[in-house]
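A short worksheet on the structure shown next.
The values are calculated or read from the model by the stated rules, or taken from the named source; none is laboratory data. Since the model is a prediction, treat every value here as computed from it, not as a measurement. Cβ placement follows ideal geometry from the backbone for every residue including glycine, while neighbour counts extend to all protein chains displayed.
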Amino acid sequence: MAVPYQITSAEAYQHAYAKSIENPAAFWADIASHFTWKKQWELTLDWNFVEPHVRWFLGGQLNITENCIDRHLESLGNKPAIIWEPNDPEESHRVLTYRQLHDKVCQFAHVLKNNGVEKGDRVCIYMGMIPELAIAVLACARVGAIHSVIFGGFSAQSIADRLQDAQAHFIITCDGAFRGAKDIPLKSVIDDALIACPFVERVIVCTRTRTPVSMLKGRDVWWEDEIKKVETLGLHNFEPEVMESEDPLFILYTSGSTGKPKGVVHTTAGYMVYANYSFVNVFQYQPEEIHFCTADIGWITGHSYIVYGPLSAGATSLMFEGIPTWPDAGRFWDIVEKYKVNILYTAPTAIRSLMGFGTAPIEGKDLSSLRVLGTVGEPINEEAWQWYHKHIGKENCPIVDTWWQTETGGILISNLAGITEAKPSYATYPLPGIDPILVDENGNIIEGNNVSGNLCIRHPWPGMLRTTYGDHERCRQNYFATYHQLYFTGDGALRDEAGRYRITGRVDDVLNVSGHRIGTAEVENAINMHAGVVESAVVGYPHDIKGQGIYAFVVYTGGHQSDPQLTRQDILLTVTRAIGALAKPDKIQFVSGLPKTRSGKIMRRILRKIAEGEPGQIGDTTTLLDPNIVEEIKSGVIN
């Protein structure tokens, strides 16, 4: 049965949107009333964007896992909650019904308690895409611990930074992970990270790759051994911890415009309500459908649209361990055919990558089960949109082009599948409860249509971030200080003649590479660690597959000057060690200096134009300390 708040027509969207803007508190109170609460809330919303503070459903008590699992047991107990497709297509897949998922989450909640985890503790999760990752996330929520999932591609240094910031005393990891043709030694990376984190008390290690690992007595324990202890004691159900609405649910680290990652904090009730509402409406989820989100749970997309959104709606969520091009470029289509997938939600980067293989990998694959296609992480270019529409959707499936962020918790701007109109490369209209505006550099609101500006949101919504962990001032500075009483997204956008929004990209010093945000300062700091580097500047440039590539201008004095290629490899290794392979520059150009103002500020605007292949649009350079440096950089540009 469809949920009462599912929008089923364009007129219903208009009605819901008008109601949500007119009286947001009443609108969201009605949506929230359809969830399971231990105690009803007393005040729906308390907020101001100056301090800032945002609190939803104050006085309410609940546990999100009751809403994701327990409340479905009676009617959907035997329904698949999670289908897991392994990296190797020859390996058996796994299916967890809601009842089985409940048993495993309760079991692992006991393991966490037995190992000293208490309500409010931070637990770092660094695992491959296996069902135990979802189980660990939900078990943390059940005991009231705050989970912080770290993507398996991050380096030991990046993990150590996050552990220190969160003061996470507990870690859940695997011996290793499979990803395409690679075996990733997760436990080994954790061991390297823990050299700088002596405060960590317990590391729980799940077996996946059977890679040899070092297990430290008193600190490291095997997941399987801990489960056996719980089974021996006959412990089954685990009563969920009663949480206040605004208790933190998780921390997720994201890159900012400074070198240090910031821990975005999402709280229990508002995040749950918004993840569910956006899932049900954007994808127009129908009971019995298979929802396949190809993201990793290490990113917000996996949190909201593999775990919390689908499970809170009683949906079947498909998890995939591997990558779209292994063992061949037909893997996604094999999965769609095998499980009769109805909703496919993936990144434009993946689509562009698969386009490069042509249509041969699609031939002979039955994709007729597909009803809705979606894209996430970055704006999709029209060519990729048309390919996806024609070859994957067979021109029968609406494509939802979703715009949102780690900080927003869920989708903010998107067409609703088959309900509101789509327009290639446009996110289109805001969801009910979302009040977007465009402003100019001075914060003046830009009225009307056929305009562009900086994208801000005027009113809080339940799924928005509450703070950055341990540093509320940083939250204020990043999101609320740029424009008075507005949430600033950091993105530019244009609004067309019909009021539809198109995201035009970051307007701050943050790159969007394959749908993942990476701070320029973070990459520059990593490059500058290399012994021979004096300084560097990093900008984005158009990339056929990733959407945006990383172009590094590096002032280098020492080492292998006679072999620039070896130096580039050294620098790439340094960045990989400091952050992870996802932050490696695509192009490194050695320069004798950088374009700076007389006060010493690097003019990244100039470097961006050079990297983008538009050196003729640089503008006036007479105010630079050394205008000649620009000509030198232009002459050495890497195409």
TODO: Could you name every one of the strands (runs of 3 or more DSSP E) located completely within the range 141-245 that has at least 2 residues being of a type in the set (D, E, K, R) and farther than 30 Å from residue 56 by Cα?
DONE: 182-184
- [ ] May I ask you to verify whether residue 592 is touching a residue at least 40 places away in the same chain (Cβ under 8 Å) and under 30 Å from residue 162 (Cα atoms)?
- [x] no
Task: Output for the range 109-140, where each listed residue is in a helix (DSSP H, G or I), under 22 Å from the mean Cα position of the chain (by Cα) and of a type in the set (A, V, I, L, M) - done: 133, 134, 135, 136, 137, 138, 139
TODO: Would you confirm whether any residue within the range 440-459 is in contact (Cβ under 8 Å) with a residue 60 or more places away in the chain and either on the phi < 0 side of the Ramachandran plot or in contact with a strand residue (DSSP E or B) (Cβ under 7 Å, 6 or more places away or on another chain) (or both)?
DONE: yes
Open item on the list: Looking for something over 25 Å from residue 264 (Cβ atoms), out of contact with any Pro (no Cβ under 6 Å at 6 or more places or on another chain) and either aliphatic (A, V, I, L, M) or crowded, with 16+ Cβ neighbours inside 10 Å (or both) - is there at least one such residue anywhere in the range 434-449?
Closed with: yes
- [ ] Return yes or no: is residue 113 among the basic types (Lys, Arg) and within 30 Å of residue 334 (Cα to Cα)?
- [x] no
- [ ] Counting only residues that are modelled with pLDDT of 95 or more and out of contact with any Pro (no Cβ under 9 Å at 6 or more places or on another chain), give me the strands (runs of 3 or more DSSP E) lying completely in the range 271-389 with at least 2 of them.
- [x] 343-346
TODO: Report the residue count in the range 485-542 for those that are in contact with a Ser or Thr (Cβ under 7 Å, 6 or more places away or on another chain), closer than 15 Å to residue 440 by Cα and not in a strand (DSSP E or B).
DONE: 1
- [ ] Go through the range 543-567 and give me each residue that's farther than 27 Å from residue 353 by Cα, touching a strand residue (DSSP E or B) at 6+ places or on another chain (Cβ under 7 Å) and part of a loop (DSSP other than H, G, I, E, B).
- [x] 557
Open item on the list: Looking only at the range 298-323, count every residue that is under 12 Å from the mean Cα position of the chain (by Cα), among the hydrophobic types (A, V, I, L, M, F, W, C) and crowded, with 24+ Cβ neighbours inside 10 Å and tell me the total.
Closed with: 2
Open item on the list: Here is a list: 235, 194. Which entry is at pLDDT below 95 and among the hydrophobic types (A, V, I, L, M, F, W, C)?
Closed with: 235
Task: Subset tally (residues that are in a helix (DSSP H, G or I) and touching a helix residue (DSSP H, G or I) at 6+ places or on another chain (Cβ under 7 Å)) for the range 461-478 - done: 0
- [ ] Test residue 365 against the stated conditions and say whether it is within 21 Å of residue 290 (Cα to Cα), surrounded by fewer than 20 Cβ atoms within 10 Å (Cβ to Cβ) and free of Cβ contacts under 8 Å to residues at least 40 places away in the same chain.
- [x] yes
Open item on the list: Among the residues that make up the range 445-460, is at least one of them under 22 Å from the mean Cα position of the chain (by Cα), in a loop (DSSP other than H, G, I, E, B) and closer than 26 Å to residue 6 by Cβ?
Closed with: yes
Task: residue 549 being touching a Phe, Trp or Tyr at 6+ places or on another chain (Cβ under 9 Å), within 24 Å of residue 301 (Cα to Cα), of a type outside the set (Val, Ile, Thr) and surrounded by fewer than 20 Cβ atoms within 10 Å (Cβ to Cβ) - done: yes
Open item on the list: Could you go through the range 109-116 and let me know if any residue there is surrounded by fewer than 22 Cβ atoms within 10 Å (Cβ to Cβ) and in contact with a strand residue (DSSP E or B) (Cβ under 6 Å, 6 or more places away or on another chain).
Closed with: yes
Open item on the list: Could you check the range 349-389 and list, in sequence order, the residues that are β-branched (Val, Ile, Thr) and out of contact with any helix residue (DSSP H, G or I) (no Cβ under 8 Å at 6 or more places or on another chain)?
Closed with: 349, 372
Open item on the list: Of the residues 53, 34, only one is under 30 Å from residue 236 (Cβ atoms) and under 27 Å from the mean Cα position of the chain (by Cα); which?
Closed with: 34
